Amino acid sequence: MDLNEEFAVAIGTDLISQQDIDKLFALKNDHVLKIIKQFVDLCKPSKLTVISDSDEDIKYVVQKTLSIGEESNLNVKGHTVHYDSFYDQARDKGNTKVLIPKGEYRSPWINTMDRDEGLEEILEIMHGCMKGKECLVRFFCLGPIKSKFTIRALQLTDSFYVAHSEDILYRKGYEEFRDLNGSKEFFHFIHSAGELIGNPPVTKNIEKRRIYVDLQESRVLSVNNQYAGNSLGLKKLALRLAICKANNEDWLTEHYFILGVRPKGKNRVTYFTGAFPSACGKTSTAMLPGQLIVGDDIAYLRAWEDGFAHAVNIEKGIFGIIKDVNAKNDPVIYEALTSPRELIFSNVLVKDGKPYWLGMGVEHPKDGFNHFGAWIEGNSDEKGNVVSLAHPNARYTINLTDLSNCDPKLDDPNGVPIHGIFYGGRDSDTMPPILESLNWEHGIFLGAIIESETTSATLGATGVRKASPMANLDFLVVPLGKYLNNHNIFGKKLKHCPQVFSTNYFLKDKDGKYLNAILDKKVWVIWSEGRTRGDFDAIKTPIGYLPKYEDLKTLFRIELNKDYSKDEYIAQFTIKINFLLEKLNRIEKMYKKEKEIPKFFWDILFMQRSGLNGLLKKTGKEEINPFELI
Ligand code: SPV
Ligand code: MN
């Protein structure tokens with residue numbers, strides 16, 4: 001028997017229709033068949049359904065997610081709501097592990113596990129996990145179709161919500177798999193929500209939630225979860241596999257948005273990417289009024305023939321935090337979320353078919369249904385914590401093309417040329433609001449040292465600085481040294497390296513008051529754009545280039561119609577030598593834990609330290625007004 005016949009006999013026509021078997025055989029890909037057979041044997045679904053790119057197949061997913069109650073209709077046409085388990089409302093970092101073969105190096109930053117032990121454990125948990133459920137076979141593309149950037153992805157899941165979300169967030173891939181000509185060059189993801197409980201049905205066995213990344217087989221196995229950051233193969237699970245692939249090849253996979261910057265009065269669009277740890281202004285920068293959005297979360301970058309790095313959004317939708325989205329601060333998203341179109345709300349409050357969330361800016365009901373179940377204001381959970389009307393990590397899932405600022409280049413197979421990169425941190429007293437790197441290597445350094453200060457919104461002490469190199473630490477699967485070195489090699493291949501900028505929107509004065517208004521970031525972005533086009537001079541300092549007062553004054557006037565005083569400039573751009581030296585000490589301590597950090601990183605760190613100490617000696621002052629450095 002050949003593999004096709006073997007497959008058909010082994011799977012059996014009581015499990016899969018002849019029509020669906022034909023869809024699989026049409027791919028002429030033995031690797032696909034082997035994977036499906038292995039996991040059907042293991043997970044034991046009662047039905048196997050193959051979804052192609054046809055409208056009919058894709059409609060089936062939406063119709064079924066509603067009929068089995070994974071999603072419910074809301075009043076507005078196309079709007080649905082989904083709930084994850086009360087205990088599955090965010091990424092589970094502890095149970096997400098990278099499987100490492102015996103004897104291979106295990107980086108202290110990465111949550112790793114011995115590969116054999118990990119596989120034994122998760123395969124045991126997955127045994128029979130789809131019993132009584134239908135398993136969907138899905139084909140998608142990470143990146144635009146017919147593009148050099150693209151990676152194909154096979155997803156098996158027993159969650160129709162997962163499949164529906166992926167239809168909104170990713171490009172279709174069945175036809176792209178046909179073009180593979182039998183190659184094994186694709187990622188695959190096996191997901192099961194596991195045993196379900198209640199109505200709406202949510203994962204029961206949260207204590208057995210596991211997400212194991214198997215680099216060797218280019219696959220991720222994920223079980224007993226529904227929250228998209230844990231369950232959707234193509235989102236953060238594929239990010240990890242792609243980081244491994246990019247770092248072993250010659251390109252970058254990054255936790256970047258992609259933004260088209262359009263300065264007023266200049267007839268041009270300049271593309272930037274940006275990485276920010278959570279709560280440091282990533283979405284608000286990607287959605288800056290008057291600009292174009294290409295992507296908000298993950299990008300692939302390659303050195304292109306024109307000498308620039310080109311980037312694509314590997315997604316075509318947004319899985320965004322809904323908290324604080326309101327008509328005043330986010331008019332574009334708010335409009336999209338309140339008018340008819342296909343979209344999924346998750347973990348919000350619903351009353352009489354209407355969704356409500358934190359920071360929505362409208363009167364909300366005192367009861368309804370939310371991630372807690374039937375909810376009344378004041379309810380508390382079993383630990384005695386008051387349950388808010390919606391979860392702070394409640395989300396919306398929407399097509400990017402539904403936003404009026406979506407860039408038509410979203411699906412360009414050549415991506416967009418990147419002129420600049422933003423790395424955004426959060427600290428109240430150290431980094432200036434905007435700073436440009438001295439060169440590419442120093443730019444990598446700026447990305448590697450971004451720190452985010454904990455706020456009172458998170459548990460634990462406030463004001464503790466956590467470093468997250470390139471806002472990518474949660475997803476790293478290769479040692480930090482290799483990752484930084486790959487950035488360096490990448491830059492060397494470019495004729496036009498992106499200019500790198502670090503941002504800090506959270507500086508405070510001595511009384512704890514923010515030094516900048518929320519929209520001031522627009523000026524930092526437009527100034528950076530101008531720098532990449534040669535429009536502005538800058539002040540060279542040991543830590544990088546700072547903007548000149550006159551340029552900012554003009555930009556505040558043009559972009560925000562605001563006066564910008566010298567006093568404001570001095571308060572925001574004064575170089576605080578002691579704070580900066582302390583930061584370098586923290587970074588040195590952190591990076592010393594990892595072996596093989598590239599030499600250029602240490603060279604820059606020591607150079608910055610001696611530059612700052614030199615300045616201290618020369619001026620005898622701990623705080624240096626930028627006017628003194630011109
Ligand atoms: C993030 O946390 O960076 C997100 C949401 O983009 S999640 O899908 O949970 O990763
Ligand atoms: Mn993200």
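Answer yes or no: is there a residue in the stretch 397-412 that is touching a Ser or Thr at 6+ places or on another chain (Cβ under 6 Å) and open to solvent by less than 40 Å² (accessible area, probe 1.4 Å).
yes
Name the single residue, out of those in the stretch 211-238 being assigned to a loop (DSSP other than H, G, I, E, B) and away from ligand 1 (no atom under 16 Å from the Cβ), that is nearest to the chain's Cα centre (by Cα). Full working, then the answer.
Within the stretch 211-238, the first condition is being assigned to a loop (DSSP other than H, G, I, E, B), and the residues that meet it are 218, 224-227, 232.
With the extra rule that they be away from ligand 1 (no atom under 16 Å from the Cβ), the set shrinks to 218, 224.
Values: 218: 20, 224: 22 Å.
Per the stated criteria, the residue is 218.
With the checklist (1) out of contact with any helix residue (DSSP H, G or I) (no Cβ under 6 Å at 6 or more places or on another chain); (2) within 16 Å of ligand 1 (Cβ to nearest atom); (3) farther than 20 Å from residue 141 by Cβ in hand, flag the one item residue 197 doesn't pass.
(2)
Given 25, 86, which one is aromatic (Phe, Trp, Tyr) and either surrounded by 19 or more Cβ atoms within 10 Å (Cβ to Cβ) or over 30 Å from residue 198 (Cβ atoms) (or both)? Working first, answer last.
Values: 86 fails: either surrounded by 19 or more Cβ atoms within 10 Å (Cβ to Cβ) or over 30 Å from residue 198 (Cβ atoms) (or both).
On inspection, the qualifying residue turns out to be 25.
Could you please let me know if residue 442 is over 16 Å from residue 169 (Cα atoms) and assigned to a helix (DSSP H, G or I)?
Numbers: over 16 Å from residue 169 (Cα atoms): yes; assigned to a helix (DSSP H, G or I): yes.
When the stated conditions are applied, residue 442 passes them.
Are there any pairs, at least 6 apart or on different chains, whose C-beta atoms fall under 6 Å, with the first in the stretch 264-278 and in a loop (DSSP other than H, G, I, E, B) and the second among the small types (Gly, Ala, Ser), and if so, which?
269/260; 276/424; 276/471; 277/452; 277/468; 277/471
Residues that are part of a helix (DSSP H, G or I) and farther than 19 Å from residue 256 by Cβ: does the stretch 505-513 have at least one? Talk me through it step by step, then tell me what you get.
The initial filter retains those residues of the stretch 505-513 that are part of a helix (DSSP H, G or I), namely none.
No: zero hits.
Would you check which residues across the stretch 189-205 are farther than 18 Å from residue 370 by Cβ and either touching a Pro at 6+ places or on another chain (Cβ under 6 Å) or not charged (D, E, K, R) (or both) and list them?
189, 190, 191, 192, 193, 194, 196, 205 - these are the residues of the stretch 189-205 that are farther than 18 Å from residue 370 by Cβ and either touching a Pro at 6+ places or on another chain (Cβ under 6 Å) or not charged (D, E, K, R) (or both).
What number of residues in the stretch 239-260 are open to solvent by less than 10 Å² (accessible area, probe 1.4 Å) and either under 22 Å from residue 42 (Cα atoms) or more than 15 Å from ligand 1 (Cβ to nearest atom) (or both)?
At the first step, the residues of the stretch 239-260 found to be open to solvent by less than 10 Å² (accessible area, probe 1.4 Å) are 239, 241-243, 246, 251-254, 256-260.
Narrowing further to those that are either under 22 Å from residue 42 (Cα atoms) or more than 15 Å from ligand 1 (Cβ to nearest atom) (or both): 246, 251-252, 259-260.
The total comes to 5.
Somewhere in the stretch 301-311, is a residue among the small types (Gly, Ala, Ser) and either modelled with pLDDT under 95 or within 14 Å of ligand 1 (Cβ to nearest atom) (or both)? Quick ask: steps written out before the conclusion?
Just the residues of the stretch 301-311 that are among the small types (Gly, Ala, Ser), to begin with: 303, 307, 309, 311.
After this cut, where a residue has to be either modelled with pLDDT under 95 or within 14 Å of ligand 1 (Cβ to nearest atom) (or both) as well, the list is none.
The answer is no; no qualifying residue exists.
Quick test for you: out of 276, 272, pick the one residue that is away from ligand 2 (no atom under 15 Å from the Cβ), under 22 Å from residue 451 (Cβ atoms) and modelled with pLDDT of 95 or more.
272
Return the only residue of 192, 165 being within 27 Å of the chain's Cα centre (by Cα), within 25 Å of residue 99 (Cβ to Cβ) and buried (at least 21 other Cβ atoms within 10 Å of the Cβ). Before the answer, list the steps.
Values: 165 fails: within 25 Å of residue 99 (Cβ to Cβ).
When all the criteria are applied, what remains is 192.
Looking at the stretch 95-111, is at least one residue open to solvent by 20 Å² or more (accessible area, probe 1.4 Å) and closer than 30 Å to residue 373 by Cα? Spell out the reasoning first.
Of the stretch 95-111, the ones open to solvent by 20 Å² or more (accessible area, probe 1.4 Å) are 95, 97, 101-106, 108-111.
Retained after the next criterion (residues that are closer than 30 Å to residue 373 by Cα): 95.
Yes: one or more hits.
Tell me the residue from 573, 536 that is free of Cβ contacts under 8 Å to residues at least 24 places away in the same chain, buried (at least 18 other Cβ atoms within 10 Å of the Cβ) and not basic (Lys, Arg), please.
536
Looking at 132, 118 in this structure, which one is in a loop (DSSP other than H, G, I, E, B), over 30 Å from residue 357 (Cα atoms) and small (Gly, Ala, Ser)?
Working: 118 fails: in a loop (DSSP other than H, G, I, E, B).
After applying the criteria, what remains is 132.
Select from the stretch 71-100 the residues that are in a loop (DSSP other than H, G, I, E, B) and under 13 Å from residue 347 (Cβ atoms) and write down the one among them that is nearest to ligand 2 (Cβ to nearest atom). Give the steps one after another, and end with the answer.
In the first step, residues of the stretch 71-100 are kept if they are in a loop (DSSP other than H, G, I, E, B); the result is 74-78, 83-95.
Those still in the list that are under 13 Å from residue 347 (Cβ atoms) too: 83-90.
Numbers: 83: 21, 84: 17, 85: 21, 86: 22, 87: 21, 88: 17, 89: 15, 90: 12 Å.
In this case the residue turns out to be 90.
Six or more apart or on different chains, Cβ atoms under 6 Å: show the pairs whose first residue is in the stretch 223-237 and open to solvent by 10 Å² or more (accessible area, probe 1.4 Å) and whose second is near ligand 1 (Cβ under 8 Å from one of its atoms) and part of a helix (DSSP H, G or I).
236/229
Only one of 399, 414, 393 is over 22 Å from residue 612 (Cα atoms) and within 16 Å of ligand 2 (Cβ to nearest atom); which?
On the way: 399 fails: within 16 Å of ligand 2 (Cβ to nearest atom); 414 fails: within 16 Å of ligand 2 (Cβ to nearest atom).
One residue alone meets the criteria, 393.
Pull up the stretch 348-386, narrow it to residues that are surrounded by 14 or more Cβ atoms within 10 Å (Cβ to Cβ) and of a type in the set (S, T, N, Q), then point me to the one that is farthest from the chain's Cα centre (by Cα).
Result: 379.
Would you point out the residue of the stretch 274-333, among those that are in contact with a strand residue (DSSP E or B) (Cβ under 7 Å, 6 or more places away or on another chain) and hydroxyl-bearing (Ser, Thr, Tyr), that is surrounded by the most Cβ atoms within 10 Å (Cβ to Cβ)?
300
Pick from the stretch 279-297 the residues that are part of a strand (DSSP E or B) and under 23 Å from residue 491 (Cβ atoms): which of them is nearest to ligand 1 (Cβ to nearest atom)? Working first, answer last.
As a first pass, look at the stretch 279-297 and keep what is part of a strand (DSSP E or B): 292-295.
Retained after the next criterion (residues that are under 23 Å from residue 491 (Cβ atoms)): 294-295.
Numbers: 294: 16, 295: 11 Å.
Ranking the candidates gives 295 first.
Open to solvent by 20 Å² or more (accessible area, probe 1.4 Å), more than 15 Å from ligand 1 (Cβ to nearest atom), over 30 Å from residue 556 (Cα atoms) and not charged (D, E, K, R): is that true of residue 269 in this structure?
Values: open to solvent by 20 Å² or more (accessible area, probe 1.4 Å): yes; more than 15 Å from ligand 1 (Cβ to nearest atom): yes; over 30 Å from residue 556 (Cα atoms): no; not charged (D, E, K, R): yes.
So residue 269 does not fit the description; no.
If I ask for residues that are assigned to a loop (DSSP other than H, G, I, E, B) and either in contact with a His (Cβ under 7 Å, 6 or more places away or on another chain) or free of Cβ contacts under 8 Å to residues at least 12 places away in the same chain (or both), which ones from the stretch 298-332 would you list?
If we filter the stretch 298-332 for residues that are assigned to a loop (DSSP other than H, G, I, E, B), which is where we start, we get 298, 304-307, 314-316, 322-330.
Residues satisfying the conditions are 298, 304, 305, 307.
Can you tell me which residue in the stretch 499-533 is farthest from residue 427 (Cα to Cα), limited to those that are touching a Phe, Trp or Tyr at 6+ places or on another chain (Cβ under 9 Å) and open to solvent by 60 Å² or more (accessible area, probe 1.4 Å)?
518
Within the stretch 465-476, can one find any residue that is open to solvent by 40 Å² or more (accessible area, probe 1.4 Å) and within 16 Å of ligand 1 (Cβ to nearest atom)?
Here is the first cut: in the stretch 465-476, the ones open to solvent by 40 Å² or more (accessible area, probe 1.4 Å) are 465-466, 474.
Imposing the further condition that a residue be within 16 Å of ligand 1 (Cβ to nearest atom) reduces the set to 466, 474.
Scanning the stretch 465-476, I find at least one residue that is open to solvent by 40 Å² or more (accessible area, probe 1.4 Å) and within 16 Å of ligand 1 (Cβ to nearest atom), so the answer is yes.
(1) in contact with a helix residue (DSSP H, G or I) (Cβ under 7 Å, 6 or more places away or on another chain); (2) within 16 Å of ligand 2 (Cβ to nearest atom); (3) open to solvent by 10 Å² or more (accessible area, probe 1.4 Å): which one isn't true of residue 211, the others all being true?
Just one mismatch for residue 211, condition (3).
The values are calculated or read from the model by the stated rules, or taken from the named source; none is laboratory data. Not measured: the values here are computed from a predicted model. Cβ: placed from backbone, ideal geometry, glycine included. Neighbour counts: every protein chain shown. Heavy atoms of the whole protein, side chains included, go into the accessibility calculation; ligands, DNA and RNA do not. Shrake-Rupley method; radii C 1.70, N 1.55, O 1.52, S 1.80 Å.
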